[in-house]
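Throughout, read-outs are computed from the coordinates displayed, never taken from laboratory work. Owing to the predicted nature of the structure, the values given are computational and were not obtained by experimental measurement. Cβ coordinates were reconstructed from backbone atoms using ideal geometry, including for glycine residues, and neighbour counts include every protein chain displayed.
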Amino acid sequence: MDARLEAVRDTVLARNPGEAEFHQAVVEVFESLGPVHDRHPEFLEAAILERLCEPERQIIFRVPWTDDSGRVQINRGFRVEFNSALGPYKGGLRFHPSVYLGIVKFLGFEQIFKNALTGMPIGGGKGGSDFDPRGRSDAEVMRFCQSFMTELYRHIGEYTDVPAGDIGVGGREIGYLFGQYKRITNRYESGVLTGKGISWGGSLVRPEATGFGTVIFTEEMLKTRGSSFDGQRVVVSGSGNVAINAIAKAQALGATVVACSDSSGYVVDEAGIDVGLLRQVKEVERGRLKDYVLRRSGVSYVEAGCVWDVDATVALPCATQNELDGGAAARLVRNGLLAVGEGANMPSTRDAVAVFQEAGVLFGPGKAANAGGVATSALEMQQNASRDSWSFEHTEQRLTDIMVGIHHRCASTADEYGEPGNYVLGANIGGFVKVADAMLAQGLI
Ligand code: GLU
């Protein structure tokens with residue numbers, strides 16, 4: 001790493017002890033930025049990096065609620081408003097027991113660059129709670145969401161901060177959150193949250209957008225080698241919203257998705273995952289992958305194993321951070337891997353990324369490859385601002401154009417900095433320069 005950046009990195013790590021995921025995200029970005037600072041010494045003089053790593057505002061709050069047996073439960077809520085150089089803070093809310101400040105900050109930090117790459121006017125933020133929705137009734141989830149919003153409402157707004165979903169937060173949760181915001185403020189402020197239902201201000205394609213976008217980005221990478229999804233053998237990790245829609249899109253483009261996973265195990269379905277059945281089990285019934293196996297023949301279920309043991313030519317990690325390590329990466333490479341598109345945020349460890357890059361595998365980092373979700377949230381905000389709603393075809397075409405644009409921005413930036421095909425470098429520099437220019441223009445704030 002560049003010596004000037006090392007000093008800044010050390011200060012950032014020391015100022016934020018115990019936040020391993022935030023450290024990992026910061027170090028990965030800093031490793032790309034040396035050449036930018038050679039060309040732009042003004043960024044160093046204005047301490048752009050130090051400012052970028054210090055969130056503009058961090059809110060941590062108590063979320064009290066009662067469960068169905070009448071017991072009082074206490075969770076911790078977070079919203080990190082990281083950077084507003086390009087627009088209102090924008091990023092999802094994650095409800096998962098692993099959530100703590102280090103996770104929210106890594107996600108918020110990545111969101112700054114991701115959102116900049118989309119070309120849309122959105123800053124970076126993230127939030128969530130250590131609340132575990134698994135096994136909770138609808139009524140419990142509603143009471144939790146209402147309590148969470150009772151504090152969050154005072155910090156957000158159409159022009160301030162616009163949350164959305166992430167792991168554990170989908171249409172149901174956004175509905176309860178929106179209802180409570182409306183009740184407290186007495187405002188039908190559609191643009192305050194994205195991921196809303198279609199009949200009350202949501203956008204078509206928003207549910208599909210992250211998974212579809214990941215596949216569109218990966219298809220663009222494959223094209224640079226004269227290839228495509230057609231005929232590829234694909235493994236997807238996860239079986240939530242991002243994974244399901246990535247599977248659907250990859251198969252629509254002619255690939256066979258032979259495996260997907262949840263936190264208990266993985267399914268191998270050599271005929272290709274039946275997306276209709278998977279949606280029924282996971283989205284309608286809120287069940288587990290085991291239920292998919294029970295209803296389909298010729299399928300095997302591997303309990304507690306690693307889905308990356310299954311050979312693939314294209315890997316789409318769509319579960320969670322650090323789910324694909326160096327050992328798994330080496331195994332995939334040995335077995336003929338061509339490309340990786342990250343549907344989740346930071347799913348590959350630093351070792352895994354190094355293995356992919358050394359082997360010359362096409363590697364699309366999450367902040368580029370999964371930006372279709374937040375980009376379509378920005379399209380939802382546009383529709384809300386104009387009180388309009390667009391057709392599925394129009395919105396999907398906008399998403400496709402945005403993903404092709406992000407691919408082009410990453411690839412041309414990598415070329416410009418002398419590392420053709422290095423999408424990590426292209427995404428980090430492409431996102432950073434846009435934010436840094438805006439921060440310089442707006443003065444020391
Ligand atoms: N949570 C998603 C992400 O990681 C989407 C955020 C949004 O739509 O604001 O980008």
Taking 0.36 nm per residue of separation between Arg387 and Arg154 and subtracting their Cα-Cα distance, the length gained on full extension comes to 81.5 nm
Kyte-Doolittle cut-off -1.0, length cut-off 24 Å along the helix's own axis using Cα: show which whole DSSP H helices in the chain pass.
101-118, 206-223, 392-416, 423-441
Spin-label zone in the range 357-383 - amide nitrogen under 13 Å from a point set 7 Å from the Cα of His408 along the C-beta vector
none
Given Lys223/Lys290; Lys114/Lys182; Lys249/Lys290; Lys282/Lys434; Lys182/Lys249; Lys126/Lys282, the pairs whose alpha carbons are separated by over 32 Å:
Lys223/Lys290; Lys282/Lys434; Lys182/Lys249
FRET efficiency estimate (nearest 0.05) - Cβ-Cβ, Asp325 to Glu303, R0 25 angstrom:
0.80
Taking the Cα-to-Cβ direction at Trp200 and at Glu56 and moving 7 Å from each Cα, how far apart do the two end points lie in nm?
2.8 nm
Whole-Å distance, taken between Cα centres, linking the range 344-368 and the range 13-75:
21 Å
Describe numerically, in nm with one decimal, the distance between label points set 7 Å from Cα along Cα→Cβ at Tyr100 and at Ala20.
1.0 nm
Quick query: amide H of Val299 versus all other amide H atoms, modeled in the peptide plane; which residues come in under 5 Å with a sequence gap of 5 or more or a different chain?
none
Assuming a viscosity of 1.567 mPa s and a temperature of 4 °C, what translational diffusion coefficient in µm² per second does Stokes-Einstein assign to the chain, Rh being the Kirkwood radius over Cα pairs?
59 µm²/s
Let me see the pair-distance distribution of the range 342-445: every alpha carbon pair, 5 Å bin width, integer percents in order.
2, 11, 16, 19, 17, 14, 11, 6, 2, 0
With a 10 Å radius around each residue's Cβ, average the other Cβ atoms per peptide and rank 287-294, 346-353, highest first.
346-353, 287-294
For the chain, modelled as a GNM with alpha-carbon contacts under 10 angstrom, which of Val374, Val234, Val433 fluctuates the most?
Val433
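Most exposed first by the Cβ proxy, i.e. fewest other Cβ within 10 Å, how do Glu393, Glu342, Glu283 rank?
Working: Glu393 10, Glu342 26, Glu283 16.
Exposure proxy ranking, most exposed first: Glu393, Glu283, Glu342.
What is the fewest-to-most order of Trp200, Trp390, Trp308 by other Cβ atoms lying within 10 Å of their Cβ? Show your work: numbers first, answer last.
Numbers: Trp200 13, Trp390 18, Trp308 25.
Neighbour counts put them in this order, fewest first: Trp200, Trp390, Trp308.
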Placing each pseudo-label 7 Å from Cα in the direction of the beta carbon, Thr400 and Glu283 end up separated by a distance in nanometres of 2.0 nm
